[in-house]
Amino acid sequence: MHCPHCRHPDSRVIDSRTAEDGAAIRRRRSCPACGRRFTTQETVILMVAKRSGVTEPFNRDKIVRGVRRACQGRPVSEDQLAILAQRVEDVIRSRGSGEVPSHEVGVAVLGPLRELDEVAYLRFASVYRGFESLADFEEEIATLRSERDHAWHPGYEAEPTNTAETPVAEARTETLGTTGRQETTDRREQRAGAQ
């Protein structure tokens, strides 16, 4: 490692520490020629293979720039964009590959962006997936609505098509008196029959 002060071609490591939750190592170094100290950081390089065949190092700032355009005019902060880019990098690194296609980076952006802002997600998806008509937007919006309905109603399932073959036991809930206590109708009827 060349000294950044005098350009001496050698340096001595004084101290090493992990950084970025173990994803990098920071080393404190000393130059034997000029005696000055400096810090270096080592990280595993993640390469992105572009469609043109060129490979380049993964850059979190590129993710932030691309998503920032989709978020123009939306209530999304720079901190939220930085967190999104970190999540994307974590997902890609967790695959354990040293090189990923650029397409996979775009796919990794879609999930966190959908959680962050649905309008920004639609803008990004329309460019990334190459929407060509209103039907493409309508289909994506329908998918978003369906996923939102399932998220808001976690126990919700579509009604069975043939109720005779698949009976569904229902337990209605009623409020009793002024206390606000609730009890299922079935349980109350069982208790009354036992008495």
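What the table shows:
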{"item": "Euclidean distance between Cα centres, region 11-64 to region 130-150, Å", "result": "41"}
{"item": "Efficiency of FRET from Cβ geometry, His2 and Arg68, R₀ 25 Å, rounded to 0.05", "result": "0.10"}
{"item": "Of all accessible heavy-atom area on region 11-66, the percent that carbon and sulfur account for (1.4 Å)", "result": "45"}
{"item": "Computed label-point distance, nm, for sites Glu138 and Ile45 using a 7 Å Cα→Cβ extension", "result": "4.9"}
{"item": "List Thr55, Thr18, ordered by accessible area with a 1.4 Å probe, largest first", "result": "Thr18, Thr55"}
{"item": "Solvent-accessible area of Ser146 with every protein chain in place, 1.4 Å probe, in Å² to the nearest 10", "result": "50"}
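The values are calculated or read from the model by the stated rules, or taken from the named source; none is laboratory data. What you are looking at is a predicted structure, and each value in this text was computed from that prediction instead of being measured. Methodologically, a virtual Cβ is constructed for each residue, glycine included, from the backbone with ideal geometry; neighbour enumeration extends over all protein chains shown. Just the protein is used for accessible areas: all its heavy atoms, side chains included, with ligands, DNA and RNA removed. Shrake-Rupley method; radii C 1.70, N 1.55, O 1.52, S 1.80 Å.
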